[in-house]
Amino acid sequence: MKNKVGVRKDNDAKREKAVPQKLEDNARVMMTQWRFPPDSETGWHRHALGYCIVYLTAAKHSVETRDGVVREVFLPAGESYFRKAGIEHNVINIGDNEILMVETELK
């Protein structure tokens, strides 16, 4: 995973929203497949639960936080990570290809 840090631009245009598809929701996990067309975003959100992400395609995206920090992230297909609940953020596809990933929130 490669990272590059910058500062969020306030004049970013409104973007298309990434498309979620619920795969599983039970007593232990909630699994969502996300499709990010180029230049789409999740919109601002905060995870209430710890979660894992698995990338099904390579990804070039930026992650914005409310304090104005932007981190560019480059991930190969098959990469995964875990994050704790907490920080409000927005994920944007800044690459040329659609990003496909699966998010698993742990209950």
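The values are calculated or read from the model by the stated rules, or taken from the named source; none is laboratory data. What you see is a predicted model; the values in this text were computed from it and never measured. Positions of Cβ are backbone-derived with ideal geometry, glycine not excepted, and every protein chain shown enters the neighbour counts.
Could you please find all residues in the stretch 59-82 being basic (K, R) and surrounded by 14 or more Cβ atoms within 10 Å (Cβ to Cβ)? Once the filter is applied, which keeps residues that are basic (K, R) and surrounded by 14 or more Cβ atoms within 10 Å (Cβ to Cβ), the stretch 59-82 yields K60, R71. For the stretch 64-93, the set of residues classified as within 21 Å of Q21 (Cα to Cα) and among the β-branched types (V, I, T) consists of V91, I92, listed by residue number.
Taken over the stretch 88-107, the criterion of being within 13 Å of D39 (Cα to Cα), assigned to a strand (DSSP E or B) and not aliphatic (A, V, I, L, M) is satisfied by N90, N93. Scanning the stretch 57-107 for residues that are among the charged types (D, E, K, R) and closer than 20 Å to D25 by Cα gives R83, K84, E103, E105, K107. Pairing residues of the stretch 56-73 that are within 20 Å of A85 (Cα to Cα) with residues that are among the charged types (D, E, K, R) and not in a strand (DSSP E or B), at Cβ distances under 6 Å and at least 6 apart in sequence or on separate chains, gives E64/R8; R66/E88; G68/R8; V70/R8. Scanning the stretch 40-76 for residues that are modelled with pLDDT of 95 or more, farther than 20 Å from E105 by Cα and assigned to a loop (DSSP other than H, G, I, E, B) yields a count of 3. Entry remark, the stretch 19-39: residues being aliphatic (A, V, I, L, M) and part of a loop (DSSP other than H, G, I, E, B) number 1 in total.
Here N93 clears all of (1) crowded, with 16+ Cβ neighbours inside 10 Å; (2) free of Cβ contacts under 8 Å to residues at least 24 places away in the same chain; (3) not aliphatic (A, V, I, L, M) except the condition numbered (2). Is it true that some residue in the stretch 16-38 is polar (S, T, N, Q), modelled with pLDDT of 95 or more and surrounded by 12 or more Cβ atoms within 10 Å (Cβ to Cβ)? Looking for residues that are polar (S, T, N, Q), modelled with pLDDT of 95 or more and surrounded by 12 or more Cβ atoms within 10 Å (Cβ to Cβ), one finds at least one in the stretch 16-38, hence yes.
For the stretch 77-87, residues that are of a type in the set (S, T, Y) and either part of a loop (DSSP other than H, G, I, E, B) or on the phi > 0 side of the Ramachandran plot (or both) total 0.
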